[in-house]
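The values are calculated or read from the model by the stated rules, or taken from the named source; none is laboratory data. This one's a predicted model, so the numbers in the text were calculated from it and none came from an experiment. Note that each Cβ is placed from the backbone with ideal geometry, even for glycine, and that neighbours are counted across all protein chains shown. The protein model used for the area step is the full one, side chains on, heavy atoms only, and it has no ligands, DNA or RNA in it. Shrake-Rupley method; radii C 1.70, N 1.55, O 1.52, S 1.80 Å.
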Amino acid sequence: MNHHRILLGCFLLSILIGLMIYYSFDHNNHDPDTEYILDHYEQFNNTKVTLIGEVKDVDRTNNTLLIQIGQSPPKGIILLISTTENLNTTQPGDNVEVYGVLTSKNSITAEKLLISERWAYSLIFIRSLPAIPFVMYLFFRTWRFNRNTYRFERREKHG
Amino acid sequence: MADWLTHSLVGWITGKTTKRDIALIVIGSLIPDLVKINLAFIWLNLNDHQFFEPLHTPIGAVLIAGIIAISFNDIRKAFIPLIIGISTHFILDFFLVHVHGGIKLLFPFSWEGWQYNLIRSDDYRMTIVAILAALLVYSIYWFFARQKKQKTRS
């Protein structure tokens, strides 16, 4: 691999890493993540926020959900109040995406609610698995890596 | 996110119908989902501070495509199908339902997210449609290739 290519690669990689660092440091000012919202809830009180969590308990009488917020590590429990959504099929373990008004550190009034059943959510990842051998097969059927030039070359029958 | 099988099948159909490099279009169609590296951090109970999120923006995916294209003899010929694949990914993800926000198409110039909110990401019927569409395209190409072969024989 010649020097021009290495320089170009380093240039592109440095821009990418720069963008990633910028996003990482600045995203809470534009699109705050769940953990930041809960750590600074005074700042977000009575404002509309988006939170993602896992259903821990369903109260169909009061139409509320108890959801665990934050995946890594769990940041605690938040009481989610939903007034419009039907919770008849909601079960503990389901994934929830909620957009609504944060009314206290432990409660949110949902404006929009997106509930994914546990099996349906897991199925996304299961469905993704066959893509790995499919993509590998398609790629290596057409291309091979030349260890001398450090480049991918088209296989002869696909030339 | 749509699942990888749907993305790769849509990439395959695009490659087959546009007569471009199918393998690179399919690779491109999965590039934005490199953001899923964050799942490893979630699994390890580590906070990644959304460091990988720019990979799921057009600018981040294009930069990755550029880096990948460098490892091919003809950078331009590799870069274009990768970009086509990336486009199919964002077009598909654009139609997914989210409660708020969406794809940050103009990052780093704007943090606004765009979404059309048509298909739920957990809806497996989307994958079935993609499989059926891929089978249909495969059958059509197989039929015409067979006819062409028969004509050349006769």
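Please go through the stretch B:83-124 and pick out each residue that is in a helix (DSSP H, G or I) and either within 13 Å of chain A (Cβ to nearest Cβ) or touching a Ser or Thr at 6+ places or on another chain (Cβ under 8 Å) (or both). Reasoning before the result, please.
At the first step, the residues of the stretch B:83-124 found to be in a helix (DSSP H, G or I) are B:83-94.
Those that are in a helix (DSSP H, G or I) and either within 13 Å of chain A (Cβ to nearest Cβ) or touching a Ser or Thr at 6+ places or on another chain (Cβ under 8 Å) (or both): B:Ile84, B:Gly85, B:Ile86, B:Thr88, B:His89, B:Leu92, B:Asp93.
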Q: Give me the pairs, please: first residue somewhere in the stretch B:32-47 and in a helix (DSSP H, G or I), second residue anywhere and of a type in the set (S, T, N, Q) and open to solvent by 70 Å² or more (accessible area, probe 1.4 Å), beta-carbon distance under 8 Å, and either six or more positions apart or on two chains.
A: B:Ile42/A:Gln71
Q. Consider B:Met126 against the criteria (1) touching a Leu at 6+ places or on another chain (Cβ under 9 Å); (2) within 28 Å of B:Thr18 (Cβ to Cβ); (3) surrounded by fewer than 16 Cβ atoms within 10 Å (Cβ to Cβ): it satisfies all of them except one. Which criterion is unmet?
A. (3)
Q. What pairs can you find where one residue is in the stretch A:3-19 and within 9 Å of chain B (Cβ to nearest Cβ) and at negative phi, the other is of a type in the set (Lys, Arg) and surrounded by 15 or more Cβ atoms within 10 Å (Cβ to Cβ), and their Cβ atoms are less than 9 Å apart, with a gap of 6+ or different chains?
A. A:Arg5/A:Arg151
Q.
If a residue must be more than 8 Å from every other protein chain (Cβ to nearest Cβ), closer than 25 Å to B:Arg20 by Cα and of a type in the set (S, T, N, Q), how many such residues does the stretch A:119-148 contain?
A. 1
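May I ask you to verify whether A:Ile67 is β-branched (Val, Ile, Thr) and not assigned by TED's automatic domain parsing to the domain that holds A:Glu97? Don't jump to the end; show me each part of the working.
Details: β-branched (Val, Ile, Thr): yes; not assigned by TED's automatic domain parsing to the domain that holds A:Glu97: no.
Here the answer is no, as A:Ile67 does not meet what is asked.
Tell me, which residue of the stretch B:69-82 that is at the interface with chain A (Cβ under 9 Å from one of its Cβ atoms) and open to solvent by 30 Å² or more (accessible area, probe 1.4 Å) is nearest to B:Trp12 (Cα to Cα)?
Going residue by residue through the stretch B:69-82, those that are at the interface with chain A (Cβ under 9 Å from one of its Cβ atoms) are B:70-73, B:75, B:78.
Retained after the next criterion (residues that are open to solvent by 30 Å² or more (accessible area, probe 1.4 Å)): B:73, B:75.
Details: B:Asn73: 22, B:Ile75: 21 Å.
Residue satisfying both the conditions and the ranking: B:Ile75.
So that you can scan it fast, the table gives a plain yes or no per residue for (1) assigned by TED's automatic domain parsing to the domain that holds A:Trp119; (2) open to solvent by 30 Å² or more (accessible area, probe 1.4 Å); (3) at pLDDT 85 or above:
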site	(1), (2), (3)
A:Leu16	no, no, yes
A:Ser24	no, no, yes
A:Leu51	yes, no, yes
A:Glu54	yes, yes, yes
A:Ile81	yes, yes, no
A:Asn86	yes, yes, no
A:Thr103	yes, yes, yes
Q.
Please go through (1) more than 10 Å from chain A (Cβ to nearest Cβ); (2) under 12 Å from the mean Cα position of the chain (by Cα); (3) open to solvent by 30 Å² or more (accessible area, probe 1.4 Å) for B:Ile27 and return the number of the only condition it doesn't satisfy.
A. (1)
